[in-house]
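Comments concern the structure below.
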Amino acid sequence: MFEAETYIKRRNRLREMVGSGLILFPGNEETPMNYRDNAYHFRQDSSFLYYFGLDSPSLAGVVDADEGKDIIFGDDADMDDIIWMGHQALLKVRGKRVGVEETTPLSRIADVLDQAVKEGKKIHFLPPYRPETILKLADWLHLDIQKVALKASADLIIALAAQRSLKTDEEIQEIEKALDVSYEMHTLAMKMAKPGVYESEITGRMEGLVLSRGFFLAFPTILTINGQILHNHYHGNVLKEGRLLVNDSGAESDRHYASDITRTTPVGGKFSSRQKEIYEVVLKAQTGAIDAMRPGISFRDVHLLAARTIAGGLTDLGIMKGDPEEAVDKGAHAMFFPHGLGHLMGLDVHDMENIGENYVGYGDEAQRSSQFGLSALRFAKKLEPGHVLTVEPGLYFIPDLIDLWKNEGKFTNFIDYDKVNNYRDFGGIRIEDDVLVTENGHRILGKPIPKTIADIEKTAAEA
Ligand code: GLY
């Protein structure tokens, strides 16, 4: 955890922004895999971590905006727990480490909340995303289980999104610690991308590397020779010459900040001329988008810039036709680039996605498009210093989508379907970095991970 002062400042700022009432943060519980004592890897709720720092199950935190105090609810380990899990520091000692003086048994929480409601205070909480949190909130606040999410506090969501969206230097350092591991993960995968190797062998070595550093995965690894499937978690294929290996993976630092990097490597380590042509289009879209990032520009405009570069590149190759700008306005490029340019990241790889993407990425200042492709953009707001975003354009040949659009006669003025047909077996390419918006522009976080054709081929050859 960080120093106590960090958590005190965060809670005080939240108190100021929300103004009144009790702000309730239920921590996460252990989640059983197949029986109670055989649990999945424990992951604390990110907002609980952000304000209360304690990384263990069955806790809840309250920020009292009226009285200016904070309380952690939880139970000390009993002798049975200590026998199985070892000595545990008392909750009051752990509370002091995050600047909280008042700790009390979890069984007291319903009474404390009841009393606050009787006094006419509002209880603010975030939309719950785990079933056990829904059950706890329903129990503590006497709510209908089906209606708990509807009672989430918009005031809290807006305040928390504003606060957590802007990263401090100590948070950036955490993201960069995770990125140091990403560097090792990606260069290892590039070197292992040889014909005959299974995707699972590379995934296993990469994930082992993350665990060996004392870190964990930020999200399930996407490592596939079928990169046209955007979030392909299947790792059972054997690598074959002629395929491209998309590796979209990330680590989470010991304080739980994420890295999220994608690189695409040709199996065998050498790009074919056809692969080079498409790769250069994606690389130009990615570097051009990063270059455009600075305070004041909207991420929607940066996304559209990348989309125009992709449409322009495909037009130069004869795969698209007509005016690239018009093609992007109409959404024709989205057959090849059907997702958004990137997302905010931090304690969550898609930071704060649990509180609602529109609050985090759009707010009052931007309207979400309903156009296929652009509608998938997770963050459209104007950039501010302290934002950390992924920049991850991709170019994919998705046979089912190609067939659907062709049969519907969609965008025949912008897409040369005969030419596209030659790429049905191409797969996909995605290139992703994590970028901090600074006062004057931007900084690509972490040590540079090979990204140009020459650097990827050089790294792959070092095996
Ligand atoms: N890198 C995985 C994701 O953004 O969902």
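The values are calculated or read from the model by the stated rules, or taken from the named source; none is laboratory data. Since this is a predicted model, take the numbers as computed values, not measurements. Please note: Cβ atoms are built from the backbone with ideal geometry, for glycine as well, and neighbour counts cover all protein chains shown. What goes into the accessible areas is simple: the full protein's heavy atoms, side chains included, and nothing from ligands, DNA or RNA. Shrake-Rupley method; radii C 1.70, N 1.55, O 1.52, S 1.80 Å.
Summary table
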read-out	value
Over region 309-370, equivalent-ellipsoid semi-axes from the Cα gyration tensor in Å	30, 14, 8
Probe 1.4 Å, all protein chains present, accessible-area order of Glu170, Glu365, largest first	Glu365, Glu170
Sequence-distant lysines (8 or more away, or on other chains) whose Cα lies within less than 21 Å of Lys276	Lys191, Lys194, Lys240, Lys284, Lys321, Lys419, Lys451, Lys458
Over the chain: Kirkwood hydrodynamic radius from C-alpha pairwise inverse distances, Å	23.8
Burial ranking of peptide ranges 400-408, 79-87 (average Cβ count within 10 Å, highest at the top)	400-408, 79-87
Extension gain from Arg36 to Glu325, taking 0.36 nm per residue of separation minus the Cα-Cα distance	98.4 nm
Accessible surface, per residue, of region 243-289 when the full set of protein chains is kept, probe 1.4 Å, Å²	26
Residues whose placed amide H lies under 5 Å from that of Arg243, excluding near-sequence neighbours	Val267
Per residue, in Å², the accessible surface of region 18-137 once ligands and nucleic acids are set aside, probe 1.4 Å	50
Region 137-250: radius of gyration and largest Cα-Cα distance (Dmax), Å	20.0, 60
Shape call, region 319-463: gyration tensor on alpha carbons, a/c limit 1.5	oblate
Shape category assigned to region 401-463 from the gyration tensor of Cα positions, a/c cut at 1.5	oblate
D_trans [Stokes-Einstein, Kirkwood Rh over alpha-carbon pairs] for region 106-181, 4 °C, 1.567 mPa s, µm² s⁻¹	87
Spatial separation of Cα centroids for region 403-461 and region 110-170, in angstrom	40
Whole-number accessible area per residue in Å² for region 315-425, which is evaluated in the context of all protein chains at 1.4 Å	41
Protection-proxy order for peptides 133-140, 421-428, 55-62, each taking the mean of Cβ atoms within 10 Å per residue, highest first	55-62, 133-140, 421-428
Low-density loop positions, chymotrypsin sites (Phe, Trp or Tyr not before Pro), region 230-279 - DSSP coil, at most 15 other Cβ in 10 Å	Tyr234
Top positive-direction residue, dipole computed over the chain with Cβ charges, set Phe73, Val210, His186	His186
Region 27-108: radius of gyration and largest Cα-Cα distance (Dmax), Å	13.5, 43
Accessible-area value, Tyr183, 1.4 Å probe, nucleic acids and ligands omitted, Å²	60
Amide proton proximity set for Ala39, modelled H, under 5 Å, gap of 5+	Met33
Calculated Rg and Dmax of region 93-132 using C-alpha coordinates, Å	13.1, 32
Gained length - Asn12 relative to Asp80, 0.36 nm times residue gap less alpha-carbon distance	20.8 nm
Charge dipole (the chain, unit charges on Cβ, about Cα centre) - positive-most of Leu283, Asn38, Met1	Leu283
The chain, accessible surface, carbon-and-sulfur percent (1.4 angstrom probe)	50
Under 27 Å from the Cα of Lys121 - lysines, other chains or at least 8 residues apart	Lys9, Lys69, Lys92, Lys96, Lys136, Lys147, Lys151
Simple label model, 7 Å out from Cα along Cβ direction - Ala149 to Glu170, nm	3.4
